[in-house]
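Working notes for the structure below.
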Amino acid sequence: MSMTGDHLAVIPRYRSLVISDEELAHTFFEEKLDQMFEKVEPVMIDFASKAEADNAQTVFFDAISYIENQREILTKAFFKGLKEGFDDYIQGRPIVYPRPIIETDDASRIGIVDNNDLEIHIAIQAMITKAKNKNHQALYQLVQRLSVLRQGKKIAGHDVPACPTHVATV
């Protein structure tokens, strides 16, 4: 029995299944990222056409080239984070996530957070919640199957590689 800390690693004979799933996820997300980047220019041009001031239009046009210039960096970082999640799962470690912007339910502490950071946090949480709700049954079944690969030890929903939380925060 292979252990890493308190977590059980994937049974060796099943590692190839996880690696195969990683390859499928990579192919899927590669296609989705390409589609997303292809939509940047038309969406930004549409926003620019609706902007009331010239300087607001300029911001949208500048964003097109900025995003295009960052595309390779963003794509590499995304796939690096995705791979790290699969590696963590195989080794029996919890997936490491960036520190949450808000780590409390205490409303009085929310005022300390920068408004831009708060908006980003809320958008990411909404995206995660929507994806979890839309795919609840499939995610539940996936957690059950992945738990079997880890010698039957139940894994937390956020420790599933390529789950909504993982994808939204890599």
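Only the coordinates and a few stated rules stand behind these numbers; no lab work does. Note that the structure is a prediction, hence the values are computed from the model and not measured. Because the Cβ atoms are built from the backbone with ideal geometry, glycine has one as well, and the counts that use them run over all protein chains shown.
Rounded to the nearest 20 debye, the dipole size of the chain about its Cα centre is 1080 debye, using +1 on the Cβ of Lys and Arg and -1 on the Cβ of Asp and Glu. Cβ crowding within 10 Å ranks GLU31, GLU84, GLU22 as GLU31, GLU84, GLU22, fewest other Cβ atoms first. For the options SER147, SER16, SER49, a Gaussian network treatment of the chain with springs between C-alpha atoms closer than 10 Å singles out SER49 as fluctuating the most. Of all the options LYS32, LYS80, LYS50, the one that moves most in a Gaussian network model of the chain with Cα springs shorter than 10 angstrom is LYS50. Each of ARG150, ARG13, ARG93 has some number of other Cβ atoms within 10 Å of its Cβ, and from fewest to most they run ARG13, ARG93, ARG150. Counting only whole DSSP H helices of the chain, the ones at least 27 Å long by C-alpha along their axis and with mean Kyte-Doolittle hydropathy no lower than -0.5 are 15-50, 54-91, 115-134.
Shown here is the pair-distance distribution of the chain: with all Cα-Cα distances grouped in 5 Å bins from zero up to the longest one, the shares run 1, 7, 13, 15, 17, 15, 12, 9, 5, 3, 2, 1, 0 percent. Dividing the summed helix terms, -39500 (n - 2.57) for each DSSP H run of n ≥ 4, by the number of residues in the chain produces a 222 nm estimate of -24000 deg cm²/dmol to the nearest 500. Under 10 Å, Cα contacts only: if you run a Gaussian network model on the chain, which one of LEU149, LEU82, LEU118 comes out with the highest mean-square fluctuation? Highest fluctuation of the listed residues: LEU118.
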